[in-house]
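One structure is given here, and the rest of the page talks about it.
The values are calculated or read from the model by the stated rules, or taken from the named source; none is laboratory data. Note that the coordinates shown come from a computational prediction; the quantities given were computed from them, not determined experimentally. Methodologically, a virtual Cβ is constructed for each residue, glycine included, from the backbone with ideal geometry; neighbour enumeration extends over all protein chains shown. Surface accessibility is based on the protein's heavy atoms, side chains included, excluding ligands, DNA and RNA. Shrake-Rupley method; radii C 1.70, N 1.55, O 1.52, S 1.80 Å.
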Amino acid sequence: MDQPVTGWWRSNAVALGAVLVLVPATYAAMAWNEWSETLQGTPAQPILLQPGESTEYVGATIGPVTAEYSEFPDAPQGSKVITVEIQIDPAGSEFACSTPELHETGGLERQWSYTTDLGREWDDDLFTGCDSELTEPYAITVDYLVAEDVSGPFTVWLASKPGLPEFVSAVIDP
């Protein structure tokens with residue numbers, strides 16, 4: 001029993017040790033490479049914006065963000081409309097963003113895209129999304145048709161492709 005280990009195991013100990021280290025390291029590197037590319041194109045790191053505050057994002061000032069329950073003639077029974085206004089100051093340069101999404105952070109954690117067919121009067125000065133050609137401050141006004149049983153709290157997500165994976169997550173209280 002007290003014979004030293006000889007033979008194949010001893011002569012290949014370095015190679016076996018390398019395999020034990022390199023196989024998991026290679027797998028981890030490949031997984032990181034795939035996931036980092038995926039996360040770069042999606043909002044994954046929120047910049048939390050509290051009511052009444054503003055923040056710098058991709059060279060622009062975002063906020064404050066306000067919200068209120070609104071009434072529109074074409075809103076269906078059993079629903080509510082939340083109107084959100086987001087102040088944007090592009091600071092003299094172009095700023096582009098995706099259309100903001102409304103997220104319920106409590107309750108059922110639902111999310112909504114903006115709604116346009118609620119009977120709002122047409123207004124040339126009303127922006128429903130970022131205008132990359134504007135370099136002066138403006139406001140985005142977006143309506144969300146939500147279920148009558150929503151309870152909140154809510155956040156509005158605003159993302160810009162150059163800023164991903166970071167995005168602005170503005171807390172609102174209609």
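Values as computed for the structure displayed
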{"item": "GNM result for the chain, Cα springs below 10 Å: residue of Gly106, Gly129, Gly59 fluctuating most strongly", "result": "Gly106"}
{"item": "Share of carbon and sulfur in the accessible heavy-atom surface of region 36-174 [1.4 Å probe, %]", "result": "46"}
{"item": "Förster radius 30 Å - calculated FRET efficiency between Glu166 and Leu16, Cβ distance, rounded to 0.05", "result": "0.10"}
{"item": "Label corresponding to Cα Rg over 2.2 N^0.38 Å when calculated from the structure given, among (i) 1.17; (ii) 0.96; (iii) 1.63", "result": "(iii)"}
{"item": "Dipole moment magnitude, nearest 20 debye, region 1-131 about Cα centre, only Lys, Arg, Asp, Glu C-beta charged", "result": "1180"}
{"item": "Derived scalar couplings ³J(HN,Hα) [region 115-123; Karplus, 6.51 cos²θ - 1.76 cosθ + 1.60; whole Hz; x for Gly, Pro]", "result": "10, 10, 9, 10, x, 5, 5, 5, 9"}
{"item": "Amide proton proximity set for Thr115, modelled H, under 5 Å, gap of 5+", "result": "Asp143, Tyr144, Leu145"}
{"item": "Computed accessible area, Val21, all protein chains, 1.4 angstrom probe, square angstrom", "result": "100"}
{"item": "Trypsin sites (Lys or Arg not before Pro) lying in DSSP loop within region 72-142, provided at most 16 other Cβ fall within 10 Å", "result": "Arg110"}
{"item": "Accessible area in square angstrom per residue, region 1-141, 1.4 angstrom probe", "result": "70"}
{"item": "Largest to smallest accessible area among Trp157, Trp32, Trp122 [probe 1.4 Å]", "result": "Trp122, Trp32, Trp157"}
{"item": "Unit charges at the beta carbon, dipole of the chain: most positive-side option, Thr135, Leu48, Trp112", "result": "Leu48"}
{"item": "Residue among Leu164, Ser98, Ala29 farthest towards the positive dipole end of the chain, charges placed on Cβ", "result": "Ala29"}
{"item": "Cβ-placed point charges (K, R +1; D, E -1), dipole of region 113-174 about Cα centre in debye, nearest 20", "result": "340"}
{"item": "Heavy-atom SASA rank of Ser113, Ser160 (probe 1.4 Å, accessible area, largest first)", "result": "Ser113, Ser160"}
{"item": "Summed residue charge, Cβ within 15 Å of Gly107's Cβ, Lys/Arg positive, Asp/Glu negative", "result": "-3"}
{"item": "With Cα atoms, 0 to 90° folded angle of helix 13-40 axis to the chain main axis", "result": "10"}
